[in-house]
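The next block holds one structure in the form of structure tokens; read it before the comments.
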Amino acid sequence: MMRRLAHWLALGLALGLCALGSARAAEPPGRAVDAAVAQQVLVMLRLPSQHFSAEVYADGYGSGGVRAARRRVADRLARAHGLILISGWPMPLVGVDCFIMKVPTGQSPADAAAALSREHEVEWSEPVQVYRTQGVATAPNDPLYRLQPAAAAWRLADLHQIVTGRNVRVAVVDSQIDARHPDLARQIQIRQDFVVDHPAGAEAHGTGVAGVIAAVADNRLGIVGVAPGARLMALRACWQAADGPATVCDTLSLAKALHFAIDNGAQVINLSLTGPPDLLLAKLLDIAEARGMVVVSALDPKLAHGGFPASHPGVIAVTDDPVRRLEAGSYLAPGRDVPTTAPGGGWSLVNGSSFAAAHVSGLMALARERNPRAHRPPTLATLRSGGIDACATVLATPIACDDCACGRPANYAAMARP
Amino acid sequence: MGVSVGLTSDARLRGLSLSDRRPALNLNLSYDHPSGVYAGAGILARAGFLGADGDSAGRFVGHNEYLGYSGPLGSGRSWDVGISNQAYTLDYERKITVHYTEAYVGLVQGDLSAHVYFAPDYPRRGVNSAYADINASHRFADVWRLTGHLGAHERLGGTPARDGRPWRFDTQLGIAREFTRAEVDLAWIASAPGPLPHPPQSRPAVVLAAKYFF
């Protein structure tokens with residue numbers, strides 16, 4: 001009786017997943033969000049190096065009279081250019097205090113940024129860009145481990161016999177992760193919200209990405225993350241658009257989250273999103289790479305060079321599309337019909353490069369556990385088929401997975417010793 | 001140029017109350033040149049109007065000035081060198097003058113800084129003083145910071161302090177709430193051991209301070 005019931009449940013689950021898998025999301029809307037963000041510029045004022053102050057027990061960058069003075073300068077610049085000063089955020093890693101200003105309708109943000117850049121107090125100014133995540137979660141379901149593409153393609157169970165990404169800090173710069181999800185609750189080390197004016201509970205994209213990277217293993221629930229031993233830094237820089245499933249971010253929220261990730265010692269930074277090139281974000285990515293952090297980004301085939309930050313030197317660009325991989329010289333990872341965590345404690349099927357990038361971030365966490373002090377990102381080994389050889393990547397060996405005894409723990413363990 | 005005015009329930013310098021543990025007003029100026037040169041000055045007065053305390057109400061307590069240079073080391077790190085002057089007259093049971101000029105050098109990484117200071121001929125001619133401190137702050141939310149300070153002061157040469165101890169420590173733990181043009185700080189400040197057994201001017205205190213930035 002129980003066997004029959006299990007059979008019907010499995011069949012129902014498979015049908016449900018197939019139905020969801022065929023429901024690929026179309027181009028996300030969120031145009032209203034774009035319009036609001038597109039009418040803003042970022043203005044960078046030079047941030048002096050922090051130094052002694054005679055004010056007793058003086059403190060950090062975000063306070064004090066000098067910061068107020070910079071705000072006064074920003075205020076004056078905004079008035080002189082007919083803009084509205086919204087807020088500011090110090091970025092000491094880049095050496096600037098970043099102010100965000102609203103450009104009146106009918107005025108071009110690009111022109112406003114160009115005019116502001118000519119002011120002698122301004123390091124540079126740029127229009128606020130919009131970034132989109134590269135994947136959409138579908139309705140909740142109850143997936144199983146064996147349905148995870150990486151379970152077979154990357155032999156996750158075998159890999160986890162030698163590494164789980166134990167205590168590797170992975171920054172997920174994304175929408176709000178469901179911190180109460182039973183497959184994620186123990187995995188989140190730090191939570192920070194850098195989004196202004198878009199308060200939200202748990203959101204689909206961030207929760208899905210986090211699950212692919214680090215869902216709890218062996219808890220008899222849902223899925224297994226690629227790096228179940230990793231510790232997540234849940235950094236909300238994106239938000240789900242009110243008028244659809246699209247998840248968007250802007251330059252300042254991303255810069256704040258990146259700055260936090262770098263400052264707090266992330267070892268892997270996952271950016272499952274794309275958009276246009278940006279100088280502020282580029283400087284932060286350069287600092288992350290100089291500190292030996294691994295940055296993984298999704299690739300958008302519709303944008304030139306796969307979009308930014310995937311196109312930035314040193315960033316590992318990942319797609320779920322084998323054809324696009326050849327064109328853009330990026331890496332191919334599982335990103336289609338992937339079961340992962342969903343807000344509210346459930347699971348769902350997801351598609352897109354976002355989740356392919358999340359797989360690679362998890363894999364980088366596994367490799368980092370083996371070599372935590374490396375100054376360079378682990379080298380991704382590829383198969384003739386174009387996919388990633390997860391085993392060879394983790395073991396840092398040029399030998400293909402089939403030749404290095406994946407699935408044979410005794411041999412695997414012997415090879416695993418550096 | 002930055003200008004700020006502040007009101008504090010007790011103005012403290014390295015654990016020592018400058019205002020006889022009473023409210024005080026301060027005015028501070030600061031300037032940063034793009035070359036890395038910076039300077040600042042401040043004055044401190046008792047806020048007598050808050051608690052009419054006899055003839056010392058509203059009295060001028062002292063001033064400070066500093067001039068320095070800060071250079072970047074990359075990735076948010078910087079080094080720092082300069083001189084500062086502190087001059088205060090404390091009016092307790094008897095008048096105490098706190099007046100010294102010191103040179104300092106330090107390193108700053110993000111919200112963590114460490115400095116070493118050297119003051120010749122202080123507290124008296126022929127006796128020098130060294131001070132070292134670590135300051136830290138942690139922003140745990142957009143407008144909230146935790147702050148911390150640990151300092152150690154040592155007399156170099158001359159006759160020992162009254163209690164015979166060459167070292168004196170001071171510490172501060174606080175929380176700060178930022179507003180667009182203002183800030184409110186609440187801090188616990190203590191120092192030990194003092195030059196006298198539990199002198200009133202260095203007893204631990206919880207201090208509330210508000211600053212407005214022009």
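Quick rundown of the values:
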| read-out | value |
| --- | --- |
| Contacts under 7 angstrom Cβ, first residue in segment A:190-209 being free of Cβ contacts under 8 Å to residues at least 24 places away in the same chain, partner in a strand (DSSP E or B), 6 or more apart | none |
| Residue match in segment A:322-335 (condition: among the β-branched types (Val, Ile, Thr), more than 27 Å from residue A:201 (Cα to Cα) and within 14 Å of chain B (Cβ to nearest Cβ)) | no |
| Hits in segment B:18-45 (condition: closer than 23 Å to residue B:188 by Cα, within 11 Å of chain A (Cβ to nearest Cβ) and polar (S, T, N, Q)) | B:26, B:28 |
| Condition broken by residue A:353, with the remaining ones in (1) surrounded by fewer than 24 Cβ atoms within 10 Å (Cβ to Cβ); (2) in contact (Cβ under 8 Å) with a residue 60 or more places away in the chain; (3) hydroxyl-bearing (Ser, Thr, Tyr) satisfied | (1) |
| Residues within segment B:1-14 that are of a type outside the set (S, T, N, Q) and more than 10 Å from every other protein chain (Cβ to nearest Cβ), tallied | 2 |
| Any chance residue A:266 is out of contact with any Gly (no Cβ under 7 Å at 6 or more places or on another chain), surrounded by fewer than 24 Cβ atoms within 10 Å (Cβ to Cβ) and in contact (Cβ under 8 Å) with a residue 24 or more places away in the chain | no |
| Near pairs, Cβ below 7 angstrom, 6+ apart or cross-chain, from segment B:21-36 (farther than 18 Å from residue B:63 by Cα) to any residue that is of a type in the set (A, V, I, L, M, F, W, C) | B:32/A:66 |
| Strands (runs of 3 or more DSSP E) fully within segment A:86-134 counting 2 or more residues that are surrounded by fewer than 20 Cβ atoms within 10 Å (Cβ to Cβ) | A:122-127 |
| Test: residue in segment B:91-99 that is within 13 Å of residue B:153 (Cα to Cα) and of a type in the set (S, T, N, Q) | no |
| First in segment A:289-307 and away from chain B (no Cβ under 14 Å) and surrounded by fewer than 24 Cβ atoms within 10 Å (Cβ to Cβ), second anywhere and outside any loop (DSSP other than H, G, I, E, B) and not small (Gly, Ala, Ser), Cβ under 9 Å, 6 or more apart | A:301/A:319; A:301/A:323; A:301/A:324; A:301/A:327; A:302/A:274; A:303/A:274 |
| Flag if residue A:117 is over 27 Å from the mean Cα position of the chain (by Cα), within 24 Å of residue A:303 (Cβ to Cβ) and polar (S, T, N, Q) | no |
| Whichever residue in segment A:187-227 is at pLDDT 90 or above and surrounded by fewer than 17 Cβ atoms within 10 Å (Cβ to Cβ) and, among such residues, is nearest to residue A:390 (Cα to Cα) | A:189 |
| Sole exception among (1) surrounded by fewer than 23 Cβ atoms within 10 Å (Cβ to Cβ); (2) touching a strand residue (DSSP E or B) at 6+ places or on another chain (Cβ under 6 Å); (3) hydrophobic (A, V, I, L, M, F, W, C); (4) under 30 Å from residue A:230 (Cα atoms) for residue A:173, by number | (1) |
| Complete set of residues in segment B:63-77 that are within 9 Å of chain A (Cβ to nearest Cβ) and either under 14 Å from the mean Cα position of the chain (by Cα) or modelled with pLDDT of 85 or more (or both) | B:64, B:65, B:66, B:68, B:69, B:70, B:71 |
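A quick yes/no check of all residues on (1) more than 12 Å from chain A (Cβ to nearest Cβ); (2) at pLDDT below 90; (3) on the phi < 0 side of the Ramachandran plot:
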| position | (1), (2), (3) |
| --- | --- |
| B:155 | yes, yes, yes |
| B:159 | yes, yes, yes |
| B:171 | no, no, yes |
| B:187 | no, no, yes |
| B:206 | yes, no, yes |
| B:214 | no, yes, yes |
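The values are calculated or read from the model by the stated rules, or taken from the named source; none is laboratory data. Everything numeric in this text was worked out from a predicted model, so none of it was measured. Backbone-built Cβ (ideal geometry, glycine too); neighbour counts: all protein chains shown.
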